[in-house]
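A.B. asks: One structure, pasted below without further comment.
What follows is calculated from the coordinates using simple rules that are stated; it is not laboratory data. All of these numbers come straight from a predicted model, not from anything done at the bench. Using ideal geometry, Cβ is built from the backbone for each residue, glycine included, and neighbour counts are taken over all protein chains shown.
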Amino acid sequence: MKPLIVANWKMNPLKRKDAEVLFRRVYKGVMNVNNADVVICPSFVHLPILGALARATSVRIGAQDFFWENAGPFTGEVSAGMLQNCGATFVIIGHSERRLYLGETDTMVNKKVRMAVGSGLMPVICVGARMRGREAPKIIARQLRAALAGVVPARAQNIAIAYEPIWAIGTGDPETPEGAVNVRAHIKKILVSLFGVQKGGVIRVLYGGSVTAENAGSFTGSHGAGLDGLLVGGASLKSKEFADIVRAILR
Ligand code: PGA
């Protein structure tokens, strides 16, 4: 399975020019990498320019969110088709910051997942508990089952799951590789129960939360814990560090 590395730029950078420069630098750092899928998710306003720049490269573009309808009276929202017209092929869904600040629920996440798979955008579905402890696997199972309700097995290979424990996001306190691999096994079990061994088994499960160039290789790659990729926030805004992360997981 090709590893998937997703850069979540969140609400950064401020200027379009800076987004362009960052994209060019990231591309320079990863241009010789062809055994991994590298995806950059900028803000909506930088998507058109980055989509155009990425067209001639191996880097793919994703959005950080979208809406579950095609068109209509949905003030402030952006559709899957609009994203695709800008060159996006991926979309992050259900990030904990959206669940926390925008009140995104499991039901809303599910509508977005179904719209994404129906329109050919690959969703990167984020799951993870607020706290460490015995409740965490139950919370993850609930989020996962809710997100995937109504998705048919035939579409399952067009999905990726990101395990992002909320306590690890932006804190400098990442999950341990052993912890992440246990959660991956838990998630895989649920995926297989929903979609069968063949279809569920090919879904990539990423880790996200305080990933750095230093710890990336411990989660993925031949010496790592066996995760299928990474979702990178803060460190993806530093082009050299992000390129080092991509290289670390290919070692
Ligand atoms: P972080 O963010 O790498 O800055 O912890 C990860 C994420 O929120 O996707």
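A.B. asks: Among the residues of the stretch 200-251, how many are among the β-branched types (Val, Ile, Thr), part of a loop (DSSP other than H, G, I, E, B) and without any contact (Cβ under 8 Å) to a residue 60 or more places away in the chain?
C.D. replies: Summing the residues that are among the β-branched types (Val, Ile, Thr), part of a loop (DSSP other than H, G, I, E, B) and without any contact (Cβ under 8 Å) to a residue 60 or more places away in the chain in the stretch 200-251 gives 3.
A.B. asks: Exactly one of (1) surrounded by fewer than 17 Cβ atoms within 10 Å (Cβ to Cβ); (2) touching a residue at least 12 places away in the same chain (Cβ under 8 Å) is unmet by residue 18. Its number?
C.D. replies: (2)
A.B. asks: On to the next question. Given the options 75, 107, name the one that is over 16 Å from the mean Cα position of the chain (by Cα), in a loop (DSSP other than H, G, I, E, B) and not aromatic (Phe, Trp, Tyr).
C.D. replies: On the way: 107 fails: in a loop (DSSP other than H, G, I, E, B).
None of the other options fit; the residue is 75.
A.B. asks: Further question: Determine if the stretch 53-61 includes at least one residue that is charged (D, E, K, R), in contact with an Asp or Glu (Cβ under 7 Å, 6 or more places away or on another chain), more than 16 Å from the ligand (Cβ to nearest atom) and under 28 Å from residue 111 (Cβ atoms).
C.D. replies: yes
A.B. asks: I'm trying to understand the selection: among the residues of the stretch 230-243, which are within 14 Å of the ligand (Cβ to nearest atom) and surrounded by fewer than 23 Cβ atoms within 10 Å (Cβ to Cβ)?
C.D. replies: Answer for the stretch 230-243, where residues must be within 14 Å of the ligand (Cβ to nearest atom) and surrounded by fewer than 23 Cβ atoms within 10 Å (Cβ to Cβ): 233, 234, 235, 237, 238, 241.
A.B. asks: Has the stretch 76-90 got any residue that is within 22 Å of residue 15 (Cα to Cα), of a type in the set (Ser, Thr, Tyr) and out of contact with any Asp or Glu (no Cβ under 8 Å at 6 or more places or on another chain)?
C.D. replies: Looking through the stretch 76-90, none of the residues is within 22 Å of residue 15 (Cα to Cα), of a type in the set (Ser, Thr, Tyr) and out of contact with any Asp or Glu (no Cβ under 8 Å at 6 or more places or on another chain).
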